[in-house]
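Down below is the structure, laid out as structure tokens.
A short reminder: the numbers here are calculations on the coordinates, not readings from a lab. Nothing here was measured: the structure is a model prediction, and the numbers come from that model. Using ideal geometry, Cβ is built from the backbone for each residue, glycine included, and neighbour counts are taken over all protein chains shown.
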Amino acid sequence: MSITSYIQAMPKADVHLHLEGALPKTALLGIADRNDIADSIKHFSDWVKMLDQPDPKRIHDIAKMTSTWFQHPDDLTRAAYDLGTWLAKQNVRYAEVTVNPALYTEIPLQIEAFFAALNDGRERARRAWGIEMAWILAVPRDEPRRADDFARWVTTAVAKRANVLGLGLSGREDGQAIGQFERAFRAVEKKEFPRIARAGDVWGAEGVAKAVEMLVPTRLEDAWGVIDAPDVLKEILTQEITLAISLVRAVKHGWVASIADYPLRRLYDAGVDFVIGTDMPGMYKNRLADELSALVENLNFSVEEMEHIALNAVRRSLLPEEQKTLLLEQFMGELEALRAEHLQPEAK
């Protein structure tokens, strides 16, 4: 078996994934067709064309538009099921999915009902395919007025029952000044609840530094530029912040010319905790197996190092420690059997 086939067969976890941007074109068109979207919005065919080769600069515009194609709670249920099915076919056993309810402007649901609809699909996928999914509630970067309300709700018992494990900040970092979210994230921090923020996608290390200072995040998405900013890197190491990285995203946005140019080895050797994920696979046309294969094929990581990085998605997940330990033991047991059965000696 090749390394690529081995990685496909591996049990995997993706904790760097956004519902808005995750669904493939076929799933989105299915929702649009059920709701007669082609007849209700202008330039529908132009938006559909964008789904084939999305312009990275318009990723968030596309996510906003396609979210308005959701008209009924059943659309959310179907989206969660479709995502779970797509992941399960890649042997992804666990996923933490960031969700931005504010984008679904055509579904007039309170937040509890919103997640109830998602969890209906989540449960159906679990029963059908054995995949577990949990949610991260995202505050949209361009709507800071929602931050305090989301922060209050996310730490409640109701949110816990809804499988919501963290508070996120999504969208381009130039959407609104990050200081407008500080109070909400600090309030969540006081309750020792996980915080996830995207930073570095526009302003690089400067944006990351502000996010670290003001939001005290548990996990940072992108964090582009930190390897060349010693002070910022030191804070990330000191605060034990996990970085969530998509190599394909970095290429699509022009931060590096190719995956081989991504300074992942430097981050690894510096002792930075990171996970590899797909972020918005419907937009970037990537799979988790592709991202992990690139570690070996493009970035000169050994198979053992790749496995360690893949398992880090479980170690740095937001699951309770007992569940995390059980899942890690399960994955390690399966990996041992796969190695013995499939890997050639020279690949070990």
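Checking the cross-link pairs Lys57/Lys89; Lys25/Lys160; Lys64/Lys324; Lys25/Lys64 against a 26 Å limit on the alpha carbon distance flags Lys57/Lys89; Lys25/Lys160; Lys64/Lys324 as lying beyond it. Amide H contacts of Ser246: Asp222, Gly277, each under 5 Å away and 5 or more positions distant or on a separate chain (H built 1.01 Å from N in the peptide plane; Pro and chain starts excluded). Averaging 1/r over each pair of different alpha-carbon atoms in the range 204-298 and inverting the result gives 13.6 Å, the Kirkwood hydrodynamic radius.
Given R₀ = 25 Å, what would the calculated FRET efficiency be for Ala38 paired with Thr85, taking r from the Cβ atoms and rounding to 0.05? Once rounded, the FRET efficiency stands at 0.50. The HN-Hα couplings worked out from phi for the range 139-154 by the Karplus form 6.51 cos²θ - 1.76 cosθ + 1.60 (θ = phi - 60°) are 8, x, 4, 8, 9, x, 5, 7, 4, 5, 5, 5, 5, 5, 6, 5 Hz, whole numbers, x standing for Gly and Pro. Approximating the spin labels as points 7 Å out from Cα along Cα→Cβ, the Arg183-to-Leu109 distance works out to 2.9 nm. Taking 0.36 nm per residue of separation and subtracting the current Cα-Cα distance, fully stretching the chain between Glu321 and Asp231 would add 29.3 nm. Potential lengthening of the chain between Val48 and Asp142 amounts to 31.4 nm, from the contour at 0.36 nm per residue minus the alpha-carbon distance. Note on Arg265 and His72: with the Förster distance fixed at 45 Å, the Cβ-Cβ geometry gives a FRET efficiency of about 0.45.
Across the range 266-348, Cα-Cα pairs farther apart than 19 Å form 47% of the total.
From the Kirkwood radius over Cα pairs of the chain, Stokes-Einstein at 20 °C and 1.002 mPa s returns a whole-number translational diffusion coefficient of 105 µm²/s.
For His16, the residues 5 or more places off, or on other chains, whose built amide H falls under 5 Å of its own are Glu96, Thr278, Asp279.
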